[in-house]
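The values are calculated or read from the model by the stated rules, or taken from the named source; none is laboratory data. Model, not experiment: these values are computed from the prediction. Cβ coordinates were reconstructed from backbone atoms using ideal geometry, including for glycine residues, and neighbour counts include every protein chain displayed.
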Amino acid sequence: MISNGKVAFHTLGCKLNFAETSAIARSFNEAGYARVEVQEAPDVVVINTCSVTDNADKKCRNIVRRALSTNPDAFIAVIGCYAQLKPEEIANIEGVDLVLGANEKFNLLEHVGHLDKVDGTGVVKATAIKETKDFIPSYSSGDRTRTFLKVQDGCNYFCAFCTIPLARGRSRSANIERTVLQAKEAIAAGTKEIVLTGVNIGDFGTAHNEDLLGLIKELDQLEGVERYRISSIEPNLLNNEIIDFVAQSNHFVPHFHIPLQSGNDEILRAMRRRYLTDLYKDRIQRIKDKMPDACIGVDVITGFPGETDEHFNITYEFIQKLPVSYLHAFTYSERANTTALRIDEVIPMNIRQERTKMLRILSAKKKRVFYQNHLGDERPVLFEASEHDGLMFGFTDNYVKVELPFAKELINKVRDVKLGEMTPDGNVSASLLTTTAT
């Protein structure tokens, strides 16, 4: 039985996982545990897994092996989406002591305090996902520059390719008042930028007769924060009112990430998405009309069952014509218990990967054009702590990555800069303007 000591965390997957890991880590800190890295012989190792990441089992095994190489007696707990979907499979990994599902992971500290390291199959505590109904607020910590604030969890959409509803349950959130309190905690810790994150954040507040627009209006009034970003939001939930508010807000920046998944209506229907390309195009145009300098990111899946060459070419041309800034291109991979498995027209993996490669090349071109269109602009940049070859980095409000000579006093400060030229690394050089740091 472990009552205190050293604890290490390893997080796989999305921003939401990082926010939840931080919340769990704070509970360990309050109980007297010292947080260390996996290579520092921790007494407890917590692995927060992802169901979207490929090779989840292999990645989990590798982390377990690394942890036990530094401390063979380390207590290994595995939590997260993959732990909910395949708990028995994870429990059979040599060295794993405890597997917690979505309903149990936030009580990890209590479980660790009552269990010893086991020989053989680990202890599984993962209730049916339909029993997971509570919303646990959380936000990431450890990086004062940027915080991921969890505002929503779960999803009611059940898209044909996705396991998230099976891993996280139905859509749920706290109310506006409680969410704003979490934001205030993050601001008090010194963060300058808050990224609103969740599985389907456009669905915020429905159980409380509230909505995302009401939340962002309240957040926009808080003092002490420089800016907010809205992470991935479904196009059918990104309404005119949200776009128009961001365009004139005090702190919300002109940056959107909007999943597309396919630019072909036939494939969108097969995916069970809740929009077609006309609506998507309308959302992009509305943003650009209101915020011409806005950065827009797009998620796309290649090789979904039934996606012919013609379907893909339509998608490629649709994206090519859109005024978007970059893509996240994903190669479709089969997921157990998803309805896409019922579609017979399976696309060979080499064709899927070739299509992904084409979209990633298109993404690089889109990003370069977006950056070049802003050379010479004057924009605010939030500078980060990382240093490489004597340089420091930061992002403009509209998500252009800039670099300039490292200066410690600029860390976690917002300064106005003039954007110079493209650098060999694909960033933009910048020069400071004579303004006061904030």
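Out of curiosity, is residue 373 under 30 Å from residue 291 (Cβ atoms), free of Cβ contacts under 8 Å to residues at least 60 places away in the same chain and out of contact with any strand residue (DSSP E or B) (no Cβ under 9 Å at 6 or more places or on another chain)?
Details: under 30 Å from residue 291 (Cβ atoms): yes; free of Cβ contacts under 8 Å to residues at least 60 places away in the same chain: yes; out of contact with any strand residue (DSSP E or B) (no Cβ under 9 Å at 6 or more places or on another chain): yes.
Yes.
Which numbered condition trips up residue 306, out of (1) more than 24 Å from residue 232 (Cβ to Cβ); (2) in contact with a strand residue (DSSP E or B) (Cβ under 6 Å, 6 or more places away or on another chain)?
Only one criterion is unmet by residue 306, namely (2).
Could you give me the residue pairs with C-beta distances under 8 Å whose first residue belongs to segment 113-129 and is in the same structural domain as residue 30 (by TED's automatic domain parsing) and under 19 Å from residue 170 (Cα atoms), whose second residue is part of a loop (DSSP other than H, G, I, E, B) and among the charged types (D, E, K, R) wherever it lies, and which are 6+ apart or on separate chains?
Listed pairs, sorted by first residue: 126/104; 127/104.
With the condition kept exactly as written, say whether any residue in segment 158-176 is surrounded by 21 or more Cβ atoms within 10 Å (Cβ to Cβ) and among the basic types (Lys, Arg).
The answer is yes, given that some residue of segment 158-176 is surrounded by 21 or more Cβ atoms within 10 Å (Cβ to Cβ) and among the basic types (Lys, Arg).
Need the failing condition index for residue 269 against (1) basic (Lys, Arg); (2) over 28 Å from residue 159 (Cβ atoms); (3) free of Cβ contacts under 8 Å to residues at least 12 places away in the same chain, just the number.
All conditions pass for residue 269, except number (2).
Of the residues 327, 341, which single one is assigned to a strand (DSSP E or B), free of Cβ contacts under 8 Å to residues at least 40 places away in the same chain and assigned by TED's automatic domain parsing to the domain that holds residue 310? Outline the logic, then answer.
Numbers: 341 fails: assigned to a strand (DSSP E or B).
Criteria check complete, one pass: 327.
I'd like to check something: does segment 76-92 contain any residue that is at pLDDT 90 or above, within 15 Å of residue 122 (Cα to Cα), of a type in the set (S, T, N, Q) and touching a Gly at 6+ places or on another chain (Cβ under 6 Å)?
Within segment 76-92, one or more residues are at pLDDT 90 or above, within 15 Å of residue 122 (Cα to Cα), of a type in the set (S, T, N, Q) and touching a Gly at 6+ places or on another chain (Cβ under 6 Å).
Of the residues 71, 103, which single one is in the same structural domain as residue 13 (by TED's automatic domain parsing), modelled with pLDDT of 90 or more, among the polar types (S, T, N, Q) and farther than 18 Å from residue 11 by Cβ? Steps first, please.
Numbers: 103 fails: modelled with pLDDT of 90 or more.
None of the others qualify; the one that does is 71.
Just to be sure, is residue 104 more than 30 Å from residue 191 (Cβ to Cβ) and of a type in the set (Asp, Glu)?
Details: more than 30 Å from residue 191 (Cβ to Cβ): no; of a type in the set (Asp, Glu): yes.
So residue 104 does not fit the description; no.
Anything in segment 123-169 that is in contact with a strand residue (DSSP E or B) (Cβ under 8 Å, 6 or more places away or on another chain), in a loop (DSSP other than H, G, I, E, B) and among the small types (Gly, Ala, Ser)? List them, or say none.
Matches in segment 123-169: 126, 140, 141, 154, 169.
Could you go through segment 245-255 and let me know if any residue there is within 15 Å of residue 202 (Cβ to Cβ) and assigned to a strand (DSSP E or B). Break it down stepwise before answering.
Taking segment 245-255 as the starting set, the residues that turn out to be within 15 Å of residue 202 (Cβ to Cβ) are 245-246, 252.
Next cut, assigned to a strand (DSSP E or B) only: 252.
Yes, segment 245-255 contains at least one residue that is within 15 Å of residue 202 (Cβ to Cβ) and assigned to a strand (DSSP E or B).
How many residues does segment 396-435 contain that are among the aliphatic types (A, V, I, L, M) and touching a Gly at 6+ places or on another chain (Cβ under 7 Å)?
From segment 396-435, those among the aliphatic types (A, V, I, L, M) are 400, 402, 404, 407, 410-411, 414, 417, 419, 422, 428, 430, 432-433; that's our starting set.
Now narrow it down to the ones that are touching a Gly at 6+ places or on another chain (Cβ under 7 Å): 402, 419, 428, 430.
Number of matching residues: 4.
Could you please find all residues in segment 385-401 being surrounded by fewer than 19 Cβ atoms within 10 Å (Cβ to Cβ) and either in contact (Cβ under 8 Å) with a residue 60 or more places away in the chain or in the same structural domain as residue 228 (by TED's automatic domain parsing) (or both)? So that I can check it myself, show each step before the final result.
Step one: list which residues in segment 385-401 are surrounded by fewer than 19 Cβ atoms within 10 Å (Cβ to Cβ), which gives 385-391, 401.
Matches in segment 385-401: 385 only.
Let me confirm something: among 355, 360, 335, which residue is under 30 Å from residue 159 (Cα atoms), surrounded by 13 or more Cβ atoms within 10 Å (Cβ to Cβ) and in contact with a helix residue (DSSP H, G or I) (Cβ under 6 Å, 6 or more places away or on another chain)?
Values: 360 fails: in contact with a helix residue (DSSP H, G or I) (Cβ under 6 Å, 6 or more places away or on another chain); 335 fails: in contact with a helix residue (DSSP H, G or I) (Cβ under 6 Å, 6 or more places away or on another chain).
Exactly one of 355, 360, 335 is under 30 Å from residue 159 (Cα atoms), surrounded by 13 or more Cβ atoms within 10 Å (Cβ to Cβ) and in contact with a helix residue (DSSP H, G or I) (Cβ under 6 Å, 6 or more places away or on another chain), namely 355.
Looking at segment 270-285, is at least one residue surrounded by fewer than 21 Cβ atoms within 10 Å (Cβ to Cβ) and closer than 30 Å to residue 188 by Cβ?
Within segment 270-285, none of the residues are surrounded by fewer than 21 Cβ atoms within 10 Å (Cβ to Cβ) and closer than 30 Å to residue 188 by Cβ.
Do we find that residue 191 is hydroxyl-bearing (Ser, Thr, Tyr), outside any helix (DSSP H, G or I) and either surrounded by fewer than 18 Cβ atoms within 10 Å (Cβ to Cβ) or in contact with a Lys or Arg (Cβ under 8 Å, 6 or more places away or on another chain) (or both) in this structure? Working first, answer last.
Values: hydroxyl-bearing (Ser, Thr, Tyr): yes; outside any helix (DSSP H, G or I): yes; either surrounded by fewer than 18 Cβ atoms within 10 Å (Cβ to Cβ) or in contact with a Lys or Arg (Cβ under 8 Å, 6 or more places away or on another chain) (or both): yes.
In short, yes.
Could you give me the residue pairs with C-beta distances under 6 Å whose first residue belongs to segment 146-175 and is on the phi > 0 side of the Ramachandran plot, whose second residue is among the β-branched types (Val, Ile, Thr) wherever it lies, and which are 6+ apart or on separate chains?
Close Cβ pairs satisfying both conditions: 154/199; 169/129; 169/132.
Can you name the residue in segment 194-224 that is among the hydrophobic types (A, V, I, L, M, F, W, C) and part of a loop (DSSP other than H, G, I, E, B) and is also nearest to residue 80 (Cα to Cα) among such residues? Before you say what the answer is, go through the steps one by one.
Step one: filter segment 194-224 for residues among the hydrophobic types (A, V, I, L, M, F, W, C), giving 194-196, 199, 201, 204, 207, 212-213, 215-216, 219, 222.
Applying the additional criterion that residues be part of a loop (DSSP other than H, G, I, E, B) yields 199, 204, 222.
On the way: 199: 13, 204: 21, 222: 32 Å.
Going through the qualifying residues, I end up with 199.
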